[in-house]
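Written below as structure tokens is the structure these notes are about.
Readers should treat all values here as calculations from the given coordinates under stated rules, not as data from a laboratory. Given the structure is predicted, the values throughout are model-derived calculations rather than measurements. All Cβ positions, even for glycine, are placed from backbone atoms using ideal geometry, and neighbour counts span all protein chains on display.
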Amino acid sequence: MLIVDTGFLVALYIRRDKLHSHALNFLQQNQQPLITAASVIVESCYFLDAKAKVALLNWVELGGIKVVDVPVTAYGEIAQSIKKYADHDIDFTDATLIWLANKYNQKQILTVDKNDFSAFRLKNNQWFHLIEWYQF
């Protein structure tokens, strides 16, 4: 599975985004299932207009991406990530992706936030594997 961060979804659903065609091309060629945290959907919707929000939510409902709800029991682990990476100004959504990666033992991520996800560590001091889905 590939973990999906907000930047990929925003690029996918904003046609004028400079990474839109890259996101679309990647998605069309990708064979791996996609997974994300519910907070990523919420954060993505913040950046989208109503039409794009509807399109994203319909795609999710059709199974385009698996969305995982973060249980309250995981908040302590998420808080630890926020504390650990406070110098990176980590937000709740990024911390939930660290939790998700650990929960599902997945390291591959689609993100535009390469600096931070290069610094974040998973269980056993493993690194995220940043998928190259765009080039300039």
Q. Which residue pairs have Cβ atoms closer than 7 Å, lie 6 or more positions apart in sequence or on different chains, and pair a first residue in the range 21-39 that is within 16 Å of Lys103 (Cβ to Cβ) and free of Cβ contacts under 8 Å to residues at least 60 places away in the same chain with a second residue that is β-branched (Val, Ile, Thr) and part of a helix (DSSP H, G or I)?
A. Ser39/Thr93; Ser39/Thr96
**Q.** Count of the range 109-131 residues which are in contact with a helix residue (DSSP H, G or I) (Cβ under 9 Å, 6 or more places away or on another chain), surrounded by fewer than 20 Cβ atoms within 10 Å (Cβ to Cβ) and farther than 20 Å from Val42 by Cβ
**A.** 9
Q) How many of the residues in the range 49-86 are farther than 25 Å from Phe120 by Cβ and in contact with a helix residue (DSSP H, G or I) (Cβ under 7 Å, 6 or more places away or on another chain)? A) 3
Q.
With the requirement that a residue be closer than 17 Å to Thr36 by Cα and in a helix (DSSP H, G or I), what does the range 48-71 give you?
A. Lys53, Ala55, Leu56, Leu57, Asn58, Trp59, Val60, Glu61
Q: Only residues that are among the acidic types (Asp, Glu), in contact (Cβ under 8 Å) with a residue 40 or more places away in the chain and over 14 Å from Ala38 (Cα atoms): list them for the range 92-125, please.
A: Asp113
Q: Kindly provide the set of residues from the range 42-69 that are out of contact with any strand residue (DSSP E or B) (no Cβ under 7 Å at 6 or more places or on another chain), closer than 18 Å to Leu97 by Cα and among the hydrophobic types (A, V, I, L, M, F, W, C), ordered by number.
A: Val42, Cys45
(Q) So if I check each of Tyr13, Tyr75, which one is surrounded by fewer than 20 Cβ atoms within 10 Å (Cβ to Cβ), on the phi < 0 side of the Ramachandran plot and aromatic (Phe, Trp, Tyr)? (A) Tyr75
